[in-house]
Amino acid sequence: MATVMQKIKDIEDEMAKTQKNKATAHHLGLLKAKLAKLRRELLAPPTKGGGGAGEGFDVTKSGDARVGLVGFPSVGKSTLLNKLTGTFSEVASYEFTTLTCIPGVITYRGAKIQLLDLPGIIEGAKDGKGRGRQVISTARTCNCILIVLDAIKPITHKRLIEKELEGFGIRLNKEPPNLTFRKKEKGGINFTSTVANTNLDLDTVKAICSEYRIHNADVTLRYDATADDLIDVIEGSRVYTPCIYVVNKIDQITFEELEILDKLPHYCPVSAHLEWNLDGLLEMIWEYLCLTRIYTKPKGMNPDYEDPVILSSKKRTVEDFCTRIHKDMLKQFKYALVWGSSAKHKPQRVGKEHELEDEDVVQIIKKI
């Protein structure tokens, strides 16, 4: 472990000393690939037994979505969990009060959202310090991450936490790179780009692929991608997660300071202790989770508006709706009747591939 950490430090030091220009792009790309491989080795060591995830970290995923609270110790994560869910997570003025992962559930707009209070992260978590590996591994399973910041020192904490999460392959508020990477049997490295490229050239692409022992592949760029983007695609283990920066304890700063913080993107100011703007935070969580509520209508009865079926906005066809209710429903499916914004007329008869909109009403007609 120490050897891997030393190698990581040596590469980071070399990268810091290397000037960034066209002449060094090839060398920096190679170093970044080496670094990504070492981080993967460090954070997922091939050991058997011992050093498991630790008590409280193997939390069963429940509800319609999972949201993780990430932040340094004593920024108010436990208070936020207590206020939002009514779940008790120990609160105190000293650091590292929470030593395990505490789950709670928020019921909002008919959806059950699992909220996880993770132990305070520390600098160096991505390199295995403290309980960083367990904290960030659990954060990877979340549909949305809330980075909780102290209003008194938000920017310094924000940058440090972003660095820790990025180092563990979590990409915040980003889309997957729009590039194609396909291995092949022969023909060498074929590099094409549909746009002007300022970051990658054939030599850099070859150097990165060589580090992964890939000598035959087609690489196609559709935007001005970086070496990091190519490495992310080759690694294939990156997660792209929406993130909200929850700036807590705003009761301790001036109105002028609050206006400065207001310029941060993806930001939500709150005071967990005084329960300021918790409704605004819940609304923002809902928006970032991109959930869709679908109401069921049994034949001859009124729609059930109390208990909607919750779907992701990326998977919201009638087929997804049927699968969410019961895996065997599709075997009996004949067609569906839909009322709502996705229907051209009320009701519209549709098939399995029809895409539903938020608050549509659906009645499934089964085969006789």
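The values are calculated or read from the model by the stated rules, or taken from the named source; none is laboratory data. A quick note: this is a predicted structure, and the numbers were derived from the prediction, not measured. Backbone-built Cβ (ideal geometry, glycine too); neighbour counts: all protein chains shown. Note: accessible area is taken over every heavy atom of the protein model, side chains too, but ligands, DNA and RNA are not part of it. Shrake-Rupley method; radii C 1.70, N 1.55, O 1.52, S 1.80 Å.
Below, the figures for the structure above:
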{"read-out": "Average accessible area per residue (Å²) across the chain - probe 1.4 Å, nucleic acids and ligands excluded", "value": "53"}
{"read-out": "Considering only the stretch 171-261, percent of DSSP beta bridges that pair antiparallel, nearest 5", "value": "40"}
{"read-out": "Equivalent-ellipsoid semi-axes of the stretch 138-179, from the Cα gyration tensor, Å, largest first", "value": "21, 12, 10"}
{"read-out": "Dipole in debye (nearest 20) - the stretch 154-261, about Cα centre, beta carbon charges: Lys, Arg +1; Asp, Glu -1", "value": "580"}
{"read-out": "Rounded to the nearest 10 Å², the accessible area of S137 at probe 1.4 Å", "value": "50"}
{"read-out": "Euclidean distance of C-alpha centroids, the stretch 320-367 and the stretch 148-221, integer Å", "value": "39"}
{"read-out": "For the stretch 246-368, radius of gyration divided by Kirkwood radius, i.e. Rg to Rh on alpha-carbons", "value": "1.20"}
{"read-out": "Correct choice for Cα extents along the principal axes in Å that was computed from the model, options (1) 93, 47, 42; (2) 71, 60, 49; (3) 108, 64, 49", "value": "(2)"}
{"read-out": "Extended-chain gain in nm, criterion 0.36 nm per residue less alpha-carbon gap, H266 and Y335", "value": "20.8 nm"}
{"read-out": "R0 of 56 Å, Cβ-Cβ distance N173-I368: FRET efficiency to nearest 0.05", "value": "0.70"}
{"read-out": "For the stretch 196-209, Karplus couplings with θ = phi - 60° (6.51, -1.76, 1.60), whole Hz, Gly/Pro x", "value": "5, 10, 10, 10, 10, 9, 4, 5, 5, 4, 4, 5, 5, 4"}
{"read-out": "The chain: relative contact order in percent, alpha carbon pairs under 8 Å with at least 6 residues between", "value": "14"}
{"read-out": "Considering only the stretch 205-325, percent of DSSP beta bridges that pair antiparallel, nearest 5", "value": "70"}
{"read-out": "Per-residue HN-Hα couplings for the stretch 174-188 [Karplus 6.51, -1.76, 1.60; θ = phi - 60°; Hz; x = Gly/Pro]", "value": "10, 8, x, x, 8, 9, 10, 10, 9, 6, 9, 6, 8, x, x"}
{"read-out": "Computed [θ] at 222 nm, helices only, for the chain once each DSSP H run of length n ≥ 4 contributes -39500 (n - 2.57)", "value": "-9500 deg cm²/dmol"}
{"read-out": "Efficiency of FRET between L278 and K186 - r from beta-carbon atoms, R0 45 angstrom, step 0.05", "value": "0.15"}
{"read-out": "Formal net charge of residues neighbouring S271 (Cβ-Cβ distance under 11 Å; K, R +1; D, E -1)", "value": "0"}
{"read-out": "Mean separation of Cα contacts under 8 Å (6+ apart) over length of the stretch 230-368, as relative contact order %", "value": "19"}
{"read-out": "Under Karplus coefficients 6.51, -1.76 and 1.60, residue-wise ³J(HN,Hα) of the stretch 103-118 in Hz, glycine/proline x", "value": "x, x, 10, 9, 9, 9, 6, x, 9, 9, 10, 7, 10, 10, 8, 8"}
{"read-out": "Accessible carbon and sulfur surface of the chain relative to its total accessible area, %, 1.4 Å", "value": "50"}
{"read-out": "The stretch 12-33 residues near the modelled D203 label - backbone nitrogen below 13 Å, point 7 Å along Cα→Cβ", "value": "21-30"}
